[in-house]
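Readers should treat all values here as calculations from the given coordinates under stated rules, not as data from a laboratory. What you see is a predicted model, and the numbers here were worked out from it, not measured in a lab. Using ideal geometry, Cβ is built from the backbone for each residue, glycine included, and neighbour counts are taken over all protein chains shown.
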Amino acid sequence: MTIAHDVAGDGPAVVLLHSSVCDRRMWDEQRDALARAGYRVVCPDFRGFGDTPAEALRPYRDADDVLALLDALGISRAAFVGASFGGGVAVEIAASRPDRVTALALLCAVLPGHEPGPGLLAFDEEEDELLGAGDLDAAVELNVATWLGPEAGEAVRGRVRAMQRHAFEVQLAADAEAEQAGAEPVDDDEPPVDPAAITAPAVVVSGRHDLDDFRAVSARLAELIPGARAVELPWAGHLPALERPAEVADLLRDFLRGGVLHRDGAATPVPPTV
């Protein structure tokens, strides 16, 4: 199966991988800005998100789906930008297939194998209880309240609300179908990932208003990835690409052009080496 995707622009390839709260629509502003800047931008939907059907019957890896999509598009190497869950997929690809990755930008990324702390455990427990009780509205609102920073307006909250609700509906329907068919749950064990094996230039972005889990993961990734630069956005929650889309587009464009990012997200161009 080829996962649903958008492609915009021409030039060096950049792949934008979405959060599990959203789908590829979270990148609309950055996709267009990077395409205007001279990049070929690929935005896929993982299985069970956006326009890609859920898979509840057969095991799969999102990283394999992304690489298969790039093969189908004739893209051998690309820069990867990943938000939250998408950041974890980007880390997996960059660590296991460094030959395919030219640069890596991680926005509030997960780290495969991370043991959740009290804050994330409490969120997971509450979400499970709400979904188990069939209260989809409350589960959606829990996600909107948890993952957006204090500056996010109602328009942004509405976008996250729509993407999260759609994902819940698609995934719950697939789970119900699998249960009715008597299928065993899909094995979703995470493969071992070694961020120290990443060779691409990397920037690790965190949000000051994010959960402690993700701020700790960002700090850990910045330590483990050789040469990675750490940037904290003082205004951001967990989804900075939606909270200040133009600012994040500028940050990504500067990073991809070889700028040195400062801790506030500003960049200074690096003179080309001779």
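A few comments on the model shown:
- Placing unit charges on the Cβ atoms only, positive for Lys and Arg and negative for Asp and Glu, gives the range 5-268 a dipole magnitude near 1580 debye about its Cα centre.
- Between F80 and V15, T102, A103, L104, A105, the built amide H atoms are under 5 Å apart, and every one of these is 5 or more places off in sequence or on another chain.
- For H5, the residues 5 or more places off, or on other chains, whose built amide H falls under 5 Å of its own are D45.
- Residue of Q180, Q164, Q30 that the Gaussian network model of the chain assigns the largest fluctuation, springs spanning Cα pairs under 10 Å: Q180
- Estimated from helices alone, the mean residue ellipticity of the chain at 222 nm is -13000 deg cm²/dmol (sum of -39500 (n - 2.57) over DSSP H runs with n ≥ 4, per residue).
- The 3J(HN,Hα) values that the Karplus relation (6.51, -1.76, 1.60; θ = phi - 60°) gives for the range 127-139 are, in residue order, 4, 4, 5, 5, 5, x, 8, x, 8, 5, 4, 5, 5 Hz. Gly and Pro appear as x.
- Rounded to the nearest whole Hz, the Karplus-based 3J(HN,Hα) values (6.51 cos²θ - 1.76 cosθ + 1.60, θ = phi - 60°) of the range 217-230 follow the sequence 4, 4, 4, 5, 4, 5, 6, 7, 7, x, x, 5, 9, 9, with x at glycine and proline.
- For the chain, built as a Gaussian network whose Cα springs stay under 10 Å, the top-fluctuating residue of I198, I75, I93: I75
- Of L34, L256, L136, the one that fluctuates the most in a GNM where the chain has Cα springs shorter than 10 Å: L136
- Centre-to-centre, using Cα atoms only, the range 2-19 and the range 25-101 are separated by 6 Å.
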